[in-house]
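Read the structure below first, then the notes.
The values are calculated or read from the model by the stated rules, or taken from the named source; none is laboratory data. What you are looking at is a predicted structure, and each value in this text was computed from that prediction instead of being measured. Cβ: placed from backbone, ideal geometry, glycine included. Neighbour counts: every protein chain shown. The protein model used for the area step is the full one, side chains on, heavy atoms only, and it has no ligands, DNA or RNA in it. Shrake-Rupley method; radii C 1.70, N 1.55, O 1.52, S 1.80 Å.
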Amino acid sequence: MAVQVIVAIVSIDVLSAVRAYVTGESLYSKGQKDAQIHLLAYADSHDEADYRQFVQALTAPLGDRAAREALQLPQPDRARAWQGLLAGETHPDDIPGVIRLFLWLQDVPFMARPIRTWTEGDGVIEQIRALVEQAHERIAAGDTKAVEVRELRARAQVLNQRMSQLEREFSAQLGDASRLAKRLLFVVNLGLALLLATTGLWFIRYSLRRQALVEDEVRRRQQSLQRLLDSTAEGLYGVDNQGRCTFINRAALAMLGCQREAELLGRDIHGLILRARPVAGAAPAPASLAHAEGRELHVTGESFLRRDGSSFAVECWSHPVLQDGVAEGAVVTFFDVSERLRMQAALREGELRLAKLVDAVADGVITTGAHDRILLFNRAAERLFGVPASEAIGSHIRRFIPQSPRATPAPEPGHAGANGAGSGLVHELTGTRANGETFPLEATLSHLSTDHGPLTTVVLRDVTELHAARAERQAREALEAASRAKTEFLSRMSHELRTPLNAVLGFSQLLRLDTGSPPSAQQLDRIRHIERAGSHLLALVNDVLDLSRVESGQMSMSLEPVDLVSVVEESIAMVSTQAIDAGVRVERAVLAADLVAGGDVQVVADRVRLRQVLVNLLNNAVKYNRAHGTVTVGWALHGETCHVGVIDDGPGMSPEQTARLFEPFNRLGAEKTSIEGTGIGLFLSRRLVELMGGELMITSRLGRGTVATLVLECSDEQAYAPPLPSAPSQHGEFDAGLNVLYAEDNEVNVELVRQVVSFRPSIALQVAGNGTQALQMARRNPPDLMLVDMHLGDMSGMDLARALRRDPATAGIRLVALSADALPEQIDGALALGFEAYLTKPIEFRKLLRVLDGHLQT
């Protein structure tokens, strides 16, 4: 019905709009015709009054045109259309309908045709207006013979005729559209009425069918409800306001020991199944009060009687049946809880046993309930926190464990998640004892949901000793990692320094041993300086490697009688170039009257380390001296010891600087000057002297200079003088040939070994520039001996050796390492892998030739 009313309202609105369009068309036509009359009059009379009447006559058509153009915009301008329709003399009440009809039907064919005609008519009116305006300008100027005036007379009749034709077409098309709209609205209203009548008849039939289905459904549900009541495990029965049984299910009959419903229906069921109250006037049983009090009751501790007189414990719920707020009876649901009571009794007994077991556990056990309050606190927890259980129970868990578990996603103690997340994980916590002392704990959490809310159990263990052991282990691992990193760094540094030293010392030896073009005496002296400085630099490299051994107590010393005078002379010679460059004079002096100049003094020391210490002291005395200063080296005997002094007359040091002199890497401000240094020389020197059983002392006065005193034990034995190296033979000692493959990626090292091998003409030397090439050459033509560098660019010497051992064709090749990596760990690893010897760079010719000769002999 509402739809029909709406359609009728819409139809009336459309018809009203159509009527307004027809009225507007009449006004449009009238305005157009009046304009034609005044146009022709103005063309003949040139009277200004005719012109104004012409303009006035076009007001309605121009207003309609403005409204049409506003509504045909992409975003229709309703306000502008409203003003245009008002100017076109459309009644204000009709304007909304005219606008809606135009917007709804402007693209519908029966409306689109008159709108096109309307638009074309507006175009003709615009042409007339343009002609009139041009002619009016000329007439107003007094030129009545102008072309524009003649054109107005010539075209006015034609345009008027065209305008009349368009007006007739527009009127006819609009009439057709109006009649078509009426017919369509009639058809729509008629169709809607038929549809509503048909729908009403269908709805009546549908309602009748639905009513029959509902009645069947009610009967089916009543039957299903009875089956449902009979299928439930709990007992159900109903009573009226007099306590008479209205229904009872099979489970209730079975629990009460009855066979048929008739035994209880219509009877006072509570009088049959409830025990009589022992005291006269006692309150009735709670199960019988729901229908009387009109409220729900939950009863525990009640007993029902069976037909045979036995009783059983029940838990029951009584719900009143209300009709308009008035109780008409009750429905009682009950369970036989005899088994539950037996289980609860057994559970209580088990809880007592569990409590005893928990108290016997060595770990602390705390259980919390709602609001993180402690419910269980075993004896181990009492000992752990120093608080008795009676005082702890009821306290908040944070009294003993203040913070949340660390580094774990599990909930903190007492906050049991619904899914038990975190159970079984070990958490690191901090406990607080009764005296305020904190200690580390390890805890595992378990969560349990109960009828009384969630429970969280925390098992605690004091891990103070474990943390101490862990900290010790971590510190040891950190030291081991640092040691490995330091070893790796020293290995690389040793390799990078020894490689150029190998060339310096190796080629200087070749120059000195060259018999084909023997050097002159002056050249030999220069070569010895090169060899001496290179040897010292090599010793310093070794000392840097030994720094880690000094710090770890693993430094090895070769203590033997050493000629102090020769070591002092060597040390002075090694710093002489530096002293000359600095303008400092270095001289030797005897500091004790009982020693004669040139007298031999033997001390117990490691010759290389003693020379290293003296060179370091002399270097410092020269570097930190003044211009034209003096450095004096002398010694004196004091009983069983010899005091060696290095004295300079430089600027000296303050007491504060002297106190910090032996701090490693502390240059006491010299790092801000151009003087080079590392700050470890004195630290290493003192440790080396201590390892030699001596003592190093330094005194200084600001502005007066510095005295370094080295105290060493004297020796009565004569120092051993190592023999000078001699040139190797130019001829092989053996006639047999030897194929040698040298794996080396440094061309300088290759050239040096090639020239050393030239002393043994019977040896054929081949060279591989990397590990891959060496492996290919060895497989193609296995050599008698391979010299292997430990750093080959594409692989290590160890990797090459493993690859050779895996291939049966090369597994028997004899290997000798020839490397600048002099760390003991590297040497031990290579020997364990099957290398027969490990020669370190710089190459000692005699050792290399000895190895080659040994393989020639075999």
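Below are the figures for this structure:
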{"read-out": "Residue (of 319, 338, 352) at the positive-pole extreme of the range 304-359, dipole from beta-carbon charges", "value": "352"}
{"read-out": "Shape call, the range 343-398: gyration tensor on alpha carbons, a/c limit 1.5", "value": "oblate"}
{"read-out": "Pairwise label distance in nanometres, residue 305 with residue 205, each label 7 Å out on the Cα-Cβ vector", "value": "6.4"}
{"read-out": "Under Karplus coefficients 6.51, -1.76 and 1.60, residue-wise ³J(HN,Hα) of the range 764-776 in Hz, glycine/proline x", "value": "9, 10, 10, 10, 10, x, 7, x, 4, 5, 4, 5, 5"}
{"read-out": "Average projection area in nm² (convex hull over Cα atoms of the range 122-236, one quarter of hull surface)", "value": "17.8"}
{"read-out": "Per-pair calculated FRET efficiency, R0 = 45 Å: residue 517 and residue 589 via Cβ, rounded to 0.05", "value": "0.60"}
{"read-out": "Under the Karplus curve 6.51 cos²θ - 1.76 cosθ + 1.60, θ = phi - 60°, whole-Hz ³J(HN,Hα) for the range 334-350, x wherever Gly or Pro sits", "value": "9, 10, 7, 9, 4, 5, 4, 5, 5, 5, 4, 5, 5, 5, 4, 5, x"}
{"read-out": "Coil-residue GluC sites (Glu not before Pro) of the range 736-769, DSSP, other Cβ within 10 Å capped at 12", "value": "none"}
{"read-out": "Accessible carbon and sulfur surface of the range 131-235 relative to its total accessible area, %, 1.4 Å", "value": "60"}
